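Below you'll find the structure, written out as structure tokens, and then a few comments.
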Amino acid sequence: MIPRGPFGKACKNERRAEHTQVTITPVAVRPVIFATNGPAPQDTPIYQRETLPAGGTFTGPAIVTQYDTTTVLPPGWLARIDAIGNIVAESAE
């Protein structure tokens with residue numbers, strides 16, 4: 001879903017975020033077991049939701065923590081942060 005301004009045009013902040021490449025640094029890396037990897041743990045970056053900037057992207061596996069929820073991005077998925085702070089995730093496969 002893409003946030004839209006009046007008349008269906010992309011918001012100014014959205015256009016800026018789409019063209020900006022932002023590096024996101026995890027706050028930690030932890031071993032996590034995903035069903036797709038069998039019983040072997042996989043090093044997984046941990047991100048804090050409130051520090052994710054618009055335009056930032058990261059790939060799964062990843063975990064995003066915030067005060068009221070946890071988002072798990074499985075291996076083979078890609079996430080980006082849109083102009084209003086939503087995590088937009090889609091399968092990279």
Completion exercise
Checked region 56-84 for anything over 12 Å from Pro26 (Cβ atoms) and over 10 Å from the mean Cα position of the chain (by Cα); matches are Gln66, Tyr67, Asp68, Thr69, Thr70, Pro74, Pro75, Gly76, Ala83, Ile84
Practice task
Give the residues of region 30-54 that are assigned to a helix (DSSP H, G or I), over 17 Å from the mean Cα position of the chain (by Cα) and surrounded by fewer than 12 Cβ atoms within 10 Å (Cβ to Cβ), sorted by residue number.
Solution key: Ala35, Thr36
Exercise for the section: Would you please name the residue that is modelled with the highest pLDDT, looking only at residues in region 17-29 that are surrounded by fewer than 13 Cβ atoms within 10 Å (Cβ to Cβ) and either in a loop (DSSP other than H, G, I, E, B) or within 11 Å of the chain's Cα centre (by Cα) (or both)? Expected result: Val27
Handout entry: Filter result for Ile87 (within 14 Å of Thr25 (Cα to Cα) and either acidic (Asp, Glu) or crowded, with 16+ Cβ neighbours inside 10 Å (or both))
Key = no
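For region 55-77, enumerate the residues that are over 14 Å from Val22 (Cα atoms) and either hydroxyl-bearing (Ser, Thr, Tyr) or in a strand (DSSP E or B) (or both).
Step one: filter region 55-77 for residues over 14 Å from Val22 (Cα atoms), giving 60-77.
Residues satisfying the conditions are Ala62, Ile63, Val64, Thr65, Gln66, Tyr67, Thr69, Thr70, Thr71, Val72, Leu73, Trp77.
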Handout entry: Residue list for region 50-93, filter: at negative phi and among the small types (Gly, Ala, Ser)
Key = Ala54, Gly56, Gly60, Ala62, Ala79, Ala83, Ala89, Ser91, Ala92
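The values are calculated or read from the model by the stated rules, or taken from the named source; none is laboratory data. Note that the structure is predicted; figures quoted are calculated from it, not measured. Heads up, the Cβs are rebuilt from the backbone with ideal geometry, glycines too, and the neighbour counts pull from every protein chain shown.
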